[in-house]
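The structure appears right after this line, and notes come after that.
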Amino acid sequence: MDTHELSLIVYGHDTSPSARSHWALALHKPSSTTGTLMHVLLLDSSTLFHQFEERSDCNFLTDRLAEGYIHLAALTTAQYVHAKEIIRAKPGPWNGRDRCQDWTAGVVRVLEEFGIMREGLGEWVGRSAVEVERKSGGRWWGV
């Protein structure tokens, strides 16, 4: 029985290369916008060093003013626990090149490989908020 959902949260419209959307993942109960937000935060813009952050019991739409989110997977309790472990194990980028979108895409690929979410859903990662909304086929929930 599915007890949780995994969603991709998009913050910002991604209007230019210098104003990119922030990408994050949320684990939450079905039909709830409160849950565990898991993402990486930029520590230093000159080096592009990022650090993983996990925030429990937060409203992932209003706490950071999200554009919206897309449902990626329904999870059983066992998948929820495994997904949390996988996401926590992926450190933030420190290579001077990758950003939060790249980290999120990497996590999604691992979740696909472990069968926690079906393959192909990672295609949403890295697109602009407007593009995700347009191509989501009704799976986009805007704010």
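Observations on the structure shown:
- HIS4 long-range amide H proximity, modeled H, under 5 Å: LEU75
- Sorted by Cβ density within 10 Å, fewest first, the residues TRP103, TRP23, TRP94: TRP94, TRP103, TRP23
- Segment ARG88-LYS29, length gained on full extension (0.36 nm per residue, minus Cα span): 19.4 nm
- Per-residue HN-Hα couplings for segment 24-30 [Karplus 6.51, -1.76, 1.60; θ = phi - 60°; Hz; x = Gly/Pro]: 8, 10, 10, 10, 8, 6, x
- Calculated FRET value between THR76 and HIS13, using beta carbons and R₀ = 41 Å, to 0.05: 0.75
- ³J(HN,Hα), Karplus 6.51/-1.76/1.60, whole Hz, each residue of segment 66-72, x for Gly, Pro: 5, 6, x, 8, 10, 6, 9
- Placing pseudo-labels 7 Å out from each Cα toward the beta carbon at VAL130 and ASP57 gives an inter-label distance of 3.9 nm.
- Förster radius 25 Å - calculated FRET efficiency between LEU65 and ARG97, Cβ distance, rounded to 0.05: 0.40
- From phi via Karplus (6.51, -1.76, 1.60), per-residue ³J(HN,Hα) for segment 48-54 in Hz, x at Gly/Pro: 6, 7, 10, 10, 5, 9, 10
- Residues whose amide H comes within less than 5 Å of that of GLY92, counting only those at least five positions distant or on another chain, are PHE52 (H built at 1.01 Å from N in the peptide plane).
- Shown for ASP44, ASP102, ASP57: other C-beta atoms within 10 Å of each C-beta, ranked fewest to most, produce the order ASP57, ASP44, ASP102.
- Fewest-first sequence of ARG20, ARG134 by Cβ atoms within 10 Å of each Cβ: ARG134, ARG20
Values in this text are rule-based calculations from the coordinates and carry no lab data. All of these numbers come straight from a predicted model, not from anything done at the bench. Virtual Cβ from ideal backbone geometry, glycine too; neighbours counted across all protein chains shown.
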